[in-house]
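What follows draws every value from the coordinates through simple rules; no lab data is involved. In this text the structure is predicted, and so the values were computed from the model without any measurement. Quick reminder, even Gly has a Cβ in these numbers, built from the backbone with ideal geometry, and neighbours come from all protein chains shown.
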Amino acid sequence: MSDETRRYLLLLPAPEAEWAQLPESEHRAGMENHRRFHEALAARGHRIVMVSPLEPSAEAVSMRNTGRGSALVTDGPFTESVEQVVGFYLLESGDEADLLEVVRAFAEGGDHVELRRLAT
């Protein structure tokens, strides 16, 4: 990784319960959007370091510091919310402005995303 290359975490929040109820055609459309995203990243010189869906948030294990030298361990997500992080991309790019254009097109294709720079 050169000095000007940075890494980015692209979070994919979605309402898990709603996604499970969508017809198969919507799932196929979503997968097609991801395929186009992968192609656009590669064509424009951005690199996928890692990509993965996450297991359902109901299967998460959350740990919260109690402030007394211990941690409270609970089953399920850290916070209850309508949307959960259902997957992520770890990306590498030397052109943030162009990466933002590619990510914007991905979001316009139907995916809600949050792009974060990794701290250096």
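Laid out as a table, the results:
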{"quantity": "Most fluctuating residue given options His27, His38, His46, as computed from a GNM of the chain linking Cα atoms under 10 Å", "calculated": "His27"}
{"quantity": "Per-pair calculated FRET efficiency, R0 = 25 Å: Ala17 and Ser70 via Cβ, rounded to 0.05", "calculated": "0.15"}
{"quantity": "For the chain, alpha-carbon Rg over 2.2 N^0.38 Å", "calculated": "1.24"}
{"quantity": "Contact order relative to length of region 40-108, as percent, for alpha carbon pairs under 8 angstrom and 6 or more apart", "calculated": "41"}
{"quantity": "Surrounding net charge for Glu101, when Lys and Arg each add one and Asp and Glu each subtract one, Cβ distance under 12 Å", "calculated": "-2"}
{"quantity": "Within region 1-34: backbone nitrogen closer than 17 Å to the Arg117 label point (7 Å, Cα to C-beta)", "calculated": "2-11"}
{"quantity": "Neighbourhood charge, 10 Å Cβ-Cβ cut-off, centred on Ala58 and excluding it, Lys, Arg +1 and Asp, Glu -1", "calculated": "-4"}
{"quantity": "Charge sum, other residues only, whose C-beta stays under 13 Å from Ala119's C-beta, Lys/Arg counted +1 and Asp/Glu -1", "calculated": "+4"}
{"quantity": "Residue-wise HN-Hα coupling along region 56-63, computed from phi with Karplus coefficients 6.51, -1.76, 1.60 (Hz; x: Gly, Pro)", "calculated": "x, 4, 5, 9, 6, 10, 10, 10"}
{"quantity": "Tilt relative to the chain, helix 24-43 - C-alpha long axis, 0 to 90 degrees, to 10", "calculated": "60"}
{"quantity": "Potential lengthening between Glu96 and Ser25 on full extension [0.36 nm per residue; Cα-Cα distance subtracted]", "calculated": "22.3 nm"}
{"quantity": "Candidates Gly110, Gly67, Gly94: whichever shows maximal mean-square fluctuation once the chain is modelled as a Gaussian network with Cα springs under 10 Å", "calculated": "Gly67"}
{"quantity": "Tilt relative to the chain, helix 96-108 - C-alpha long axis, 0 to 90 degrees, to 10", "calculated": "70"}
